[in-house]
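Novice: Right, I'll just put the structure down here and ask away after.
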Amino acid sequence: MAIIFFFVFLTTAAANPLLDLFTPDDLITSAGYGDQKLSTVLVTGSLFCDACLDGNSPLQSHLLHGASMAVSCDTSRKTSKSDWVRGITDEYGDFVIDLPSHLHALPNMEKRCRLKILQLPNASPCHQAFTGEYRGIKFSSAKNGIRTYTAHEIHLTPKNPQACMNEKGRGKMLVHTF
């Protein structure tokens with residue numbers, strides 16, 4: 001429908017001298033059908049493993065790099081692969097997932113999009129704490145055409161961590177966000 005309107009609009013260009021100022025590519029881009037991205041929506045956060053390196057050390061947070069993360073958004077239609085967007089934590093445990101443009105206009109993104117940890121590196125002491133549960137996202141900022149949502153810091157603790165000096169809650173699985 002929009003394409004038909006666009007072509008009808010172009011055929012009336014001879015009747016409107018202002019339209020002579022714009023090329024067809026300009027009109028396509030301004031209608032939102034060009035290659036240039038008009039907006040960006042990012043989901044960010046950090047992933048940590050809270051574990052003891054040995055029985056005599058305190059519980060410490062260690063960044064988790066190489067973990068596979070995904071954002072899933074409820075689009076009120078049958079789920080498709082395009083509704084799952086994947087990312088990987090970098091060497092600092094941070095991730096940035098750039099959502100595709102068909103998800104940018106979703107209302108209530110905080111309620112409709114969720115983050116999921118898909119896979120942790122096998123060498124991580126928190127590998128056993130992996131539950132695959134979903135996390136919420138929160139609106140963080142919007143400027144220069146970029147909206148950012150965050151999952152903040154996600155801390156995982158192994159179910160059976162080595163005994164840590166003076167730590168409460170030993171042996172429990174602790175998963176929390178800040």
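A short reminder: the numbers here are calculations on the coordinates, not readings from a lab. The structure displayed is predicted, hence computed values, not measured ones. For neighbour counting, all protein chains shown are included, and Cβ atoms are generated from backbone atoms with ideal geometry for every residue, glycine included.
Novice: Check which residues have an amide H placed less than 5 Å from Cys52's amide H, if you skip close sequence neighbours.
Specialist: Under 5 Å from the amide H of Cys52 lie the amide H atoms of Gln60, Gln162, each far enough along the sequence or on another chain.
Novice: Another question about this same structure. Excluding Ile154 itself, calculate the net charge of residues whose Cβ lies under 12 Å from the Cβ of Ile154, where each Lys or Arg counts +1 and each Asp or Glu counts -1. Before the final figure, lay out each step's value.
Specialist: Working: positive: Lys116, Arg135; negative: Asp50, Asp94, Glu133, Glu153.
Net local charge, Ile154 excluded: -2.
Novice: Oh, and also: From the phi angles alone, apply the Karplus equation (6.51, -1.76, 1.60; θ = phi - 60°) to the stretch 42-49 and give each ³J(HN,Hα) in whole Hz, x where the residue is Gly or Pro.
Specialist: After applying 6.51 cos²θ - 1.76 cosθ + 1.60, I find 10, 10, 10, x, 9, 10, 10, 10 Hz.
Novice: Please list, ordered by chain and number, the residues whose modelled amide H lies under 5 Å from the amide H of Leu118; skip anything fewer than 5 residues away on the same chain.
Specialist: Ser68, Met69, Ala70
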